[in-house]
Amino acid sequence: MRRSADAAGQTLGNLATEVDLLPPLPPATAVLHHREQATAENASRLRGALARWLRDLGLGGDLHEDVVLAAYEAMANVVDHAYAGPAGPLELHGHATATRCTITITDRGRWRRPRTVAGSFRGRGLGMMHELADEVLMRSNALGTTIRMSWWCALTPGR
């Protein structure tokens with residue numbers, strides 16, 4: 001069952017911190033971490049690194065595509081919305097256990113609403129993430145935004 005959640009059962013926003021308020025993850029059997037400037041080129045490169053990491057864990061098929069697409073959408077949101085001036089940091093964290101894959105995307109910017117353009121296909125990214133992942137947790141405040149997406153799956157970390 002696909003579901004979206006707020007770990008504390010609260011409205012998303014006006015929180016004191018971001019990552020610290022997300023529930024802790026169980027010990028990982030495989031991890032991925034990249035920190036780059038939030039540019040379209042870097043988001044694309046990170047998408048490839050994530051896809052390779054997931055394949056190395058034995059994740060394939062539609063679920064592989066769902067994870068990569070949802071993560072890339074979150075990274076594209078950082079590129080498009082987090083920083084008004086020069087690009088700031090974009091962090092990609094992958095966390096895997098034998099039964100769960102969790103991807104966390106973090107920025108240190110301030111959320112900026114996109115300009116609405118009539119007939120545009122923009123504005124569907126968060127909904128897409130919620131449809132593709134089994135669980136989505138989001139925190140946003142003055143320190144930045146963190147999106148954590150999780151999928152239940154059978155993985156073979158360390159293959």
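The table that follows gives values for the structure above.
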| read-out | value |
| --- | --- |
| Search result, residues across the range 23-51 that are within 21 Å of Ala96 (Cα to Cα) and small (Gly, Ala, Ser) | Ala28, Ala30, Ala43, Gly48, Ala49, Ala51 |
| Top-ranked residue in the range 121-137 [being assigned to a loop (DSSP other than H, G, I, E, B) and modelled with pLDDT of 85 or more; ranked as farthest from Thr104 (Cα to Cα)] | Asp134 |
| In the range 22-44, the residues that are of a type in the set (Ser, Thr, Tyr) and either at pLDDT 95 or above or in a helix (DSSP H, G or I) (or both) | Thr39, Ser44 |
| Residue under evaluation Pro26, criteria (1) more than 26 Å from Gly88 (Cβ to Cβ); (2) surrounded by 14 or more Cβ atoms within 10 Å (Cβ to Cβ); (3) in contact (Cβ under 8 Å) with a residue 12 or more places away in the chain, criterion not met | (2) |
| Residue, modelled with the lowest pLDDT, within the range 45-99, restricted to residues that are in contact with a helix residue (DSSP H, G or I) (Cβ under 6 Å, 6 or more places away or on another chain) and more than 20 Å from Trp151 (Cβ to Cβ) | Val79 |
| Top-ranked residue in the range 72-105 [being assigned to a strand (DSSP E or B) and touching a Pro at 6+ places or on another chain (Cβ under 8 Å); ranked as farthest from Val136 (Cα to Cα)] | Ala96 |
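The values are calculated or read from the model by the stated rules, or taken from the named source; none is laboratory data. All figures in this text were calculated on a predicted structure; none of them were measured in a lab. Cβ sites come from the backbone with ideal geometry, for glycine too, and all protein chains shown count toward neighbours.
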